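**Student:** I'd like to ask you about the structure that follows.
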Amino acid sequence: MVENRVLLRMEGIEKRFPGVHALENVDLDLYAGEVHVLLGENGAGKSTLMKIISGSLERDSGKLWVDGNEIGNLNPEHSQNLGIGMVYQELSLCPNLSVAENIFIGNLPKTKIGKVDWQRLTQMANESLDSLTLSINPKELIGNLPVAEQQMIEIARVFNKNPKILILDEPTSALSDAERDRLFELIRLLQKRGVGIIYISHRLAEIKMIGTRVTVMRDGKIIGTTIVKDSDENQLIQMMVGKNLEDQFPKEKAEIGDVIFEVNDLCSENEFEGINFQLHTGEILGIFGLMGAGQAQLARALLGLGSMVSGEVIIDNHLLRKHTPNEAIKHGMGLLTRDRREGLISMLEVPQNITLAIRSQESMSSLIKLRDEKKIADDYVKSLQITPPITDRKVMYFSGGNQQKIVLARWLCSKSKVLIFDEPTRGIDVSGKADVFRLMCHLANQGVGIIMISSEMQEILAMADRILVMRQGKIVAELDEGATQEDLLRNASEF
Amino acid sequence: MSKTTNLQANNGTTDRYTEEKTTGLKAILKNTLLKGGPVIAFLLLAIYLSFASPHFLTGSNIINIARQTSITTILAIGQTLVIITGGIDLSVGAIAALSASIASVLMTQQLQIGSMLIGPLDFGWGILIALLIGATAGLVNGLLITKGRIPDFITTMGMSNVIRGAALLVTGGLPVPSHITATEMKGYLPDQMVWLGNGNLLGLPVAGIIAILIVILGWFLLRYSVLGRSMYAVGGNRDAARVSGINVDRTKIMAYVLSGLVAAIAGFVLAGRLNSANALMADGEELRSVAAAVIGGANLAGGSGGAIGTLIGALTMGVLSNGLNLMNVSAFWQRVIYGLIIVGVVLFDQWRRRKFSS
């Protein structure tokens, strides 16, 4: 099936962001009619590389050929004209517009007097959908379609511009398995028409199903490329993960005590259901799931944010009745949100941020002693080694790792007994990650119960004492120590 | 542990850490412009006017400015609280008019409600009722915005019309006391009320003293109270405030209640100064108060601002309008100029925010 025509070739692509070498001497090529899987952990450089191809980022150096012609600087428009189409991970459709309008948005057919030609639009949409063997009503509103069909519309929109090269960035992350099969059929159809497809994923299981070749990236470098038929999973995992796990994950085992936190039959409207688990003092309980498995909503619901509709949450023998964040915090809960911007008031200084959770427990009319507040902040800056050690500075000027420590200080300050870390290392550099893990262990040693929600397999395997795996809103497995990445993936993605 | 403070990013996006530069002429200039802007603008304006008009730097004119500015200042402090939480209160002028109108009607006339005869009430009851009306209007604003989830702008704009309409109904469109009530029933506004607007205490205008007291209270509330801190947190980052257990709705409602409360005070002082209340008074004060807060450093996106800055903002507006009068600029042109200033200030605020975030 693989033709020999090279659609895209890259040599020695380099990209640096201040302080980080995002892409280092990257070579990659793509043949017509192949599905080239790009595999790597979060932060391996996949998205950066794709952004360079689609023209939304400029490369520092390196050469790029499309269809044999060398291409200089790219911008998104230029890239589109070269026949490169990109389907982003987050859907970018307008839910209030029809399928047809979404496919041809920005390019609607017009009558002579400049009015939208609805008849022709519907007809064009029908043709476009037919050519992809999709049977979707072009007049239907996008918002009424299931996610998989929305994904197909997204592809139809990109495909409408006749791309020779199609980039799919984790297209299955929000899809059920049946929906995924439909998507794969569509991909195979495009493949037969000679389109070259770059398929980004971190799901190993999908590689055998759809891939022609697979390239593994890690830390901004290409680790290797192999033909899918000749590869085996263990080898790919080895390539993805690399070595020296011990340095990255300074795990110390803490003494595990009594139950401090208990969740009984927690259900939300449609994100998760029937969640039951217990957490002990000194324990790090991991919750793993692929994107969209419900773990993100669960984290927020545990603190009382949003979507829980029934069930009980018991912390330190107190049943949370109203289950507002305020009540949960009062009884000793804390949440480090996955997006730090959601956790910090960036234009306030360090002391105000650190004491925010204790202020929320005070009456609105009580007064603040600014000097005490400053002293509290100084103490945490010292004990958590927050750098630079200055407190009268807005938190927006601190680095990711240090911001994470400031959020952590807030929960230490409010004497949290149960801490939820939701994707604690997202956007944090390697040394910052090790710091955060060290602090987690330190807290566990002091008897804090920790719930660690992560989609990074190695870190959750290394740090958690016990792992719950979520799939489609349910806990489907409980894994003890010694579980492997394969165990995680098998449980998280199977039917 | 980590000794590096330089920027690291591992997901292909740049991290948000940038070293704050405090050295270098450009940085100093930028910093002064961002932080000291209001003071500089105020001083430049005052210096210019003292050369441009011989009447500007006279004792009587300065007292006049203080009186004129006091109403805007009082309203702008309430407005500042609301803007800090990320909202905007376009009903403050209407609230001032309604509360002063109702209180004045009750203080100057005898009303029959059912079989009860009420009034004329004395000054103490009058001010209490005015405050109650102001706070209630603020509460309704706050509840509509938080529980009804209507945008702040729409809610307070709509309520502004409702409240003005109510004030017209209450007064029948006439000033209170009207010449009829005043001559037939000897219903004048209480002396104390007139004193609030026009009187002097130790040689200083009482209205100005009230404004300064409210500025101090606002400053104290914002700096030292948990409520003030919650306001900054809610306006700075609503989600983060919620995650930290702050009751976002209650904080916003409190801001609107306080804004309504000080609007009632402003209405009372204004009616005292005019020796009469009417349904259309304090017209345009809602935008003037927004402008004062924004000139004083409040960010319309929420999370920043302060009482002292707002005072300077209000003074700038007051001095400007005084100056335009002294220089015989026509009232029509003044309206154009105020409109331009308000738009210009918000434009400057946008520019400042972009500079700030980049």
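**Student:** Provide the per-residue ³J(HN,Hα) series for region A:487-493, in order, calculated from phi with Karplus coefficients 6.51, -1.76, 1.60 and θ = phi - 60°, each as a whole number of Hz, with x at glycine and proline positions.
**Tutor:** 4, 4, 5, 4, 5, 7, 10
**Student:** Hey, another quick one. Report, as a whole number in µm² per second, the diffusion coefficient that Stokes-Einstein gives for region B:38-357 at 25 °C and 0.890 mPa s using the Kirkwood radius over alpha carbon pairs.
**Tutor:** Translational diffusion coefficient: 123 µm²/s.
**Student:** Please give the peptides B:82-93, A:52-63, A:405-416 ranked by average Cβ packing (other Cβ atoms within 10 Å per residue), highest first, as a rough proxy for protection.
**Tutor:** Highest mean packing first, the order is B:82-93, A:405-416, A:52-63.
**Student:** Something else about it: Residues with amide H under 5 Å of B:Leu90's amide H, sequence separation 5 or more or different chain, H placed in the peptide plane at 1.01 Å from N; which?
**Tutor:** Here B:Thr156, B:Met157 satisfy the definition.
**Student:** Quick one: which residues, 5+ away or cross-chain, put their amide H under 5 Å from the amide H of A:Arg218? H built at 1.01 Å from N.
**Tutor:** It is A:Ile223, by chain and number.
**Student:** Accessible area lost on pairing B with A, both sides, 1.4 Å probe, Å² to nearest 100?
**Tutor:** Approximately 4600 Å² gets buried when B meets A.
**Student:** Through the Karplus equation 6.51 cos²θ - 1.76 cosθ + 1.60, θ set to phi - 60°, convert the phi angles of region A:433-444 into ³J(HN,Hα) values in whole Hz; use x for Gly and Pro.
**Tutor:** Calculated HN-Hα couplings, in order: 4, 4, 4, 4, 5, 4, 5, 4, 5, 4, 5, 4 Hz.
**Student:** I'd like the projected area of the protein assembly as shown, averaged over all directions, using the convex hull of its alpha carbons. Report it in nm² with one decimal. Each step should come with its number before you reach the end.
**Tutor:** On the way: hull surface 176.8 nm².
The Cα convex hull of the protein assembly as shown, projected and averaged over all directions, gives 44.2 nm².
**Student:** Using only the Cα atoms of region A:6-243, each taken as one equal point scatterer with no solvent, compute I(q) by the Debye sum, divide by I(0), and report log10 of the ratio at q = 0.09, 0.14, 0.17 Å⁻¹.
**Tutor:** Here the Debye-derived log intensity ratios amount to -0.40, -0.92, -1.27.
**Student:** Still on this structure: So what's the back-of-envelope 222 nm ellipticity for chain A, counting only DSSP H runs of four-plus at -39500 (n - 2.57) apiece and dividing by all residues, rounded to 500?
**Tutor:** For chain A, the value works out to -9500 deg cm²/dmol.
**Student:** To continue, here is another question. How would you classify region B:293-342 from its alpha-carbon gyration tensor, with a ≥ b ≥ c the square roots of the eigenvalues: rounded for a/c under 1.5, else prolate if a/b is greater than b/c, otherwise oblate?
**Tutor:** Because a/c hits 1.5 or more and a/b fails to exceed b/c, region B:293-342 counts as oblate.
**Student:** Leaving out ligands, DNA and RNA, and with a 1.4 Å probe, what % of the accessible surface on region B:291-351 is carbon or sulfur?
**Tutor:** Here it works out to 74 percent.
**Student:** Sticking with this structure for a sec: In debye, nearest 20: dipole of region A:246-493 around its Cα centre with unit charges on the Cβ of K, R (+) and D, E (-)? Present the calculation step by step, with values, prior to reporting the outcome.
**Tutor:** On the way: 28 positive and 35 negative charges, 215 e Å.
Dipole size: approximately 1040 debye.
**Student:** If you don't mind, there's one more thing I want to ask. Leaving ligands, DNA and RNA out of it, work out the accessible area of A:Met217 with a 1.4 Å probe and give it in Å² to the nearest 10.
**Tutor:** Looks like 0 Å² after rounding.
**Student:** Residue-wise, which Karplus ³J(HN,Hα) couplings in Hz belong to region A:270-287, taking 6.51 cos²θ - 1.76 cosθ + 1.60, θ = phi - 60°, and x for glycine or proline?
**Tutor:** Whole-Hz 3J(HN,Hα) from phi for region A:270-287: 9, 8, 8, 8, x, 8, 10, 6, 10, 10, 9, 5, x, 9, 10, 9, x, 10.
**Student:** Leaving out ligands and nucleic acids, and using a 1.4 Å probe, what accessible area per residue does chain A come to in Å²? Present the calculation step by step, with values, prior to reporting the outcome.
**Tutor:** Values: 20860 Å² over 495 residues.
Using a 1.4 Å probe on heavy atoms only, each residue of chain A averages 42 Å².
**Student:** Just the number, please: Stokes-Einstein D of chain A in µm²/s, Kirkwood Rh from C-alpha pairs, 20 °C, 1.002 mPa s.
**Tutor:** For these conditions, the coefficient is 86 µm²/s.
**Student:** Looking at region B:43-157 from every direction and averaging, what is the projected area of its Cα convex hull in nm²?
**Tutor:** 11.0
**Student:** What is the P(r) of region A:308-434, as percent of Cα-Cα pairs per 5 Å bin from 0?
**Tutor:** 2, 10, 20, 22, 20, 13, 8, 4, 1
**Student:** Given Cβ point charges of +1 (Lys, Arg) and -1 (Asp, Glu) and nothing else, what value in debye, to the nearest 20, does the dipole of the protein assembly as shown about its Cα centre take?
**Tutor:** Its charge dipole is roughly 2820 debye.
**Student:** Taking only C-alpha pairs under 8 Å that are 6+ residues apart, what is the relative contact order of region A:6-243 in percent? Mind dumping the intermediate values first?
**Tutor:** Working: 448 pairs, mean separation 69.4, N = 238.
Computed over region A:6-243, the figure is 29 percent.
**Student:** Next up: Take every residue in peptide A:339-346, count the Cβ atoms of other chains within 10 Å of its Cβ, and give the average of those counts.
**Tutor:** Numbers: counts 2, 2, 4, 6, 5, 6, 14, 6.
Taking the mean over all residues of the peptide, I get 6.
**Student:** Counting only residues 5 or more places away or on other chains, whose amide H sits under 5 Å from the amide H of B:Ser225 once H atoms are built in the peptide plane?
**Tutor:** For B:Ser225, whose amide H was placed from the backbone, the distant partners under 5 Å are A:Ile368.
**Student:** Something else about it: What's the carbon and sulfur percent of chain A's accessible surface, probe 1.4 angstrom, rounded to a whole number?
**Tutor:** So the carbon and sulfur contribution to the accessible surface is 47 percent.
**Student:** Something else: Give me the base-10 log of I(q)/I(0) for region B:189-297 at each q in 0.14, 0.20 Å⁻¹, Debye formula, one uniform scatterer per Cα, rounded to two decimals.
**Tutor:** -0.70, -1.12
**Student:** What is the mean number of Cβ atoms from other protein chains located within 10 Å of the Cβ atom of each residue in peptide B:222-234, rounded to a whole number?
**Tutor:** Mean partner shielding for this stretch: 5.
**Student:** Counting only other chains, and only Cβ atoms inside 10 Å, what mean value do you get across the residues of A:353-362?
**Tutor:** 6
The values are calculated or read from the model by the stated rules, or taken from the named source; none is laboratory data. This is a predicted model, so every value here is computed, not measured. Positions of Cβ are generated from backbone atoms using ideal geometry, with glycine treated the same way; all protein chains shown enter the neighbour counts. Ligands, DNA and RNA are stripped out before the accessible areas are found, and what is left, the full protein with its side chains, is counted by its heavy atoms. Shrake-Rupley method; radii C 1.70, N 1.55, O 1.52, S 1.80 Å.
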